[in-house]
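Report on the following structure.
The values are calculated or read from the model by the stated rules, or taken from the named source; none is laboratory data. Here the structure is a predicted model, which means the values were calculated and not measured. Neighbour counts run over all protein chains shown; Cβ positions are idealised from the backbone, glycine included.
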Amino acid sequence: MSLNEFQDNVTKGNIDNFSLTNMLDQIGYSNPKVRLMAKLIESQNSVSENSGEHNSKLNKLESLLKKMEAYNEKFKQENTVLKEHIKSITAWSNNVAAAVGACPECWGENDLCNTCHGQGLPGKFIPNKTLFTELCMPAVQYLYRQIERNNKTDEPIDKVD
Ligand SMILES: [Zn+2]
């Protein structure tokens with residue numbers, strides 16, 4: 001095959017794997033120095049292509065890393081907020097447990113609890129009078145008023161005082 005025929009075949013897409021060494025093979029050019037030069041040129045092109053591909057992958061990884069760092073920062077902030085929320089809820093739970101005399105660890109729901117062995121339902125321990133007055137008494141008073149009201153309305157209509 002002549003050089004022109006080879007060029008024509010490349011243009012028409014008849015040669016899939018275009019390379020300098022492939023071209024030399026196709027045209028039957030066997031000078032070892034030229035073939036060595038062709039291989040060197042191909043290897044440099046390959047390194048250059050790989051370097052470009054490598055940089056592209058590196059840029060994608062850096063971009064991904066920045067996104068992951070942003071997510072990590074966001075999760076850290078959310079974690080801090082959640083820890084504060086849990087601390088607040090735990091404090092409330094401990095206060096209410098003390099107010100009703102329940103186990104602050106499990107409220108009597110865990111047989112393996114080191115504090116009460118599952119026996120710490122409300123009323124098991126001496127209620128904290130101050131906390132009971134503050135947290136429970138308003139609800140007790142409300143229920144008491146409700147019961148009194150119901151007792152009045154439940155009275156038979158024909159009852160005469
Ligand atoms: Zn307990």
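Could you check how many residues of region 41-77 are under 30 Å from Met23 (Cβ atoms) and modelled with pLDDT of 90 or more?
The total comes to 0.
Looking only at residues that are polar (S, T, N, Q) and under 17 Å from Thr90 (Cβ atoms) in region 100-119, which one is farthest from the ligand (Cβ to nearest atom)?
Asn114
Which residue pairs have Cβ atoms under 8 Å apart, sit 6 or more places apart or on different chains, and have a first residue in region 101-124 that is at positive phi and a second that is acidic (Asp, Glu) and part of a loop (DSSP other than H, G, I, E, B)?
His117/Asp111; Gly118/Glu109; Gly118/Asp111
Starting from region 72-99, take each residue that is loosely packed, with under 11 Cβ neighbours inside 10 Å and assigned to a helix (DSSP H, G or I) and list its partners that are of a type outside the set (A, V, I, L, M) and at pLDDT 95 or above, counting only C-beta distances under 6 angstrom and pairs at least six apart or across chains.
Taking only residues 6 or more apart or on different chains, not a single pair turns up.
Quick check, is Phe132 surrounded by 10 or more Cβ atoms within 10 Å (Cβ to Cβ) and in a helix (DSSP H, G or I)?
So Phe132 passes the test.
Could you tell me whether Pro122 is of a type outside the set (A, V, I, L, M, F, W, C) and within 16 Å of the ligand (Cβ to nearest atom)?
yes
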